[in-house]
1. Is it true that Gly136 is more than 30 Å from Val30 (Cα to Cα) and either at pLDDT 95 or above or touching a strand residue (DSSP E or B) at 6+ places or on another chain (Cβ under 9 Å) (or both)?
2. Which one of Ala173, Ala151, Ala169, Ala204 is out of contact with any Lys or Arg (no Cβ under 8 Å at 6 or more places or on another chain) and of a type outside the set (Val, Ile, Thr)?
3. If a residue has to be within 16 Å of Trp165 (Cβ to Cβ), hydrophobic (A, V, I, L, M, F, W, C) and in contact (Cβ under 8 Å) with a residue 60 or more places away in the chain to count, how many in the stretch 103-144 make the cut?
4. Just checking, how many residues over the stretch 52-68 are part of a strand (DSSP E or B), surrounded by fewer than 22 Cβ atoms within 10 Å (Cβ to Cβ) and of a type outside the set (D, E, K, R)?
5. Which one of Arg264, Arg257, Arg275 is open to solvent by 60 Å² or more (accessible area, probe 1.4 Å), in a helix (DSSP H, G or I) and out of contact with any Pro (no Cβ under 6 Å at 6 or more places or on another chain)?
6. Yes or no: the stretch 313-328 includes at least one residue that is of a type in the set (Gly, Ala, Ser) and in contact with a helix residue (DSSP H, G or I) (Cβ under 6 Å, 6 or more places away or on another chain).
7. Specify which of the listed residues (Ala151, Ala121) is at pLDDT below 95 and either among the small types (Gly, Ala, Ser) or touching a Ser or Thr at 6+ places or on another chain (Cβ under 6 Å) (or both).
8. Can Gly48 be described as in a loop (DSSP other than H, G, I, E, B), open to solvent by less than 70 Å² (accessible area, probe 1.4 Å) and within 24 Å of Glu160 (Cβ to Cβ)?
Amino acid sequence: MAATAGPGRAVVHSKVGLNVRSGPHLRDRVLSRLAHHQAVSIACRVRGQQIVGSVRTTTTWVRLTNGGYASDAFLAWATRRASTPTCSALSGAFVNLSFPLNVRSGPATSHAIVGSVGPGAAVRPICRVWSQSISGNPVWYQLGVRRFVTAAFVRWPNGEPRLPWCGAAPPSAPSSNKAFLASVIGPAQASARTWKVPASVTIAQAILESGWGRSPLAVTEHNLFGMKCFGDPGPIAIGCSTYATRECSASRCYSTRDAFRSYRRVSDAFADHGRALARLSHYKTAMKYAASPDRFALELQRAGYATSPAYAAHLVRVMRDNNLYRYDVALRA
């Protein structure tokens, strides 16, 4: 019934105004600005970047009826928030079968059947799970508590929204470079203790690959290292999401799209990164120089970690400019 409810209504509570953006993240383009106490009409709700606002701290953003997205952190609702549908519900997902689709208690056919959805019926996914592949599609949708359907037979006429992965922490961006650095020291040192990858190099890679934690991949997928999927997310990541990226060959750089790993939390990205460097054979030479971060960076480049011909030089500059070597001291003691 929620999908047929009328538009929600709210009032802006922000003395400096509230930006309307092209998507539910601070990285998205600003389209317009709402004034303090301005009334707005809301079409639907969507999960986006966590924002600390004057009304609440939330990952909920709203899509306005006249277009654009605004953070719910600055909205005082005049109608019940729960009665406004999610944007995924409005996008029209439906069962694309001529017979009922089984609803299971977990995301695989080994789980018990707990119900069914009829042919052509609407479905309202909450989040995604990477699990058993059905007809070549490994994604399952969670519809509710212990209610899952394969995505293989669900269609989105208006395009699938970027649903979150079930269990993932909400999108989050650091408030400053200093805050980002403070948040990654612990995970980098934990990775160093487990996998012997120098913390200084790991932190420099996180800074360089994620733009100090502000890239879309870092904010939304908690992937600070640009770790790619090669058919599946591996043993630590929880899914694969497609993003635009830039690659370089020996002669040129070019734009493309690729599947990247999605993580529950940032610490999982560090664990996956350290595991890959320690266990993949082509980084064997680099691991011999764990006590020499600059040489380690050079061997990473020689092993083909990144396509940029200046990757090692960039890492060394970041390590020196931010004195990241200090975080290796405890590991050598």
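The values are calculated or read from the model by the stated rules, or taken from the named source; none is laboratory data. Everything numeric in this text was worked out from a predicted model, so none of it was measured. Cβ placement follows ideal geometry from the backbone for every residue including glycine, while neighbour counts extend to all protein chains displayed. SASA here: full protein model, heavy atoms, side chains in, ligands and nucleic acids out. Shrake-Rupley method; radii C 1.70, N 1.55, O 1.52, S 1.80 Å.
1. Against the criterion (more than 30 Å from Val30 (Cα to Cα) and either at pLDDT 95 or above or touching a strand residue (DSSP E or B) at 6+ places or on another chain (Cβ under 9 Å) (or both)), Gly136 qualifies.
2. Going through Ala173, Ala151, Ala169, Ala204 in turn, the sole match is Ala204.
3. Summing the residues that are within 16 Å of Trp165 (Cβ to Cβ), hydrophobic (A, V, I, L, M, F, W, C) and in contact (Cβ under 8 Å) with a residue 60 or more places away in the chain in the stretch 103-144 gives 3.
4. 6
5. Arg275
6. no
7. Just one listed residue meets the conditions, Ala121.
8. Spelling it out, it is not the case that Gly48 is in a loop (DSSP other than H, G, I, E, B), open to solvent by less than 70 Å² (accessible area, probe 1.4 Å) and within 24 Å of Glu160 (Cβ to Cβ).
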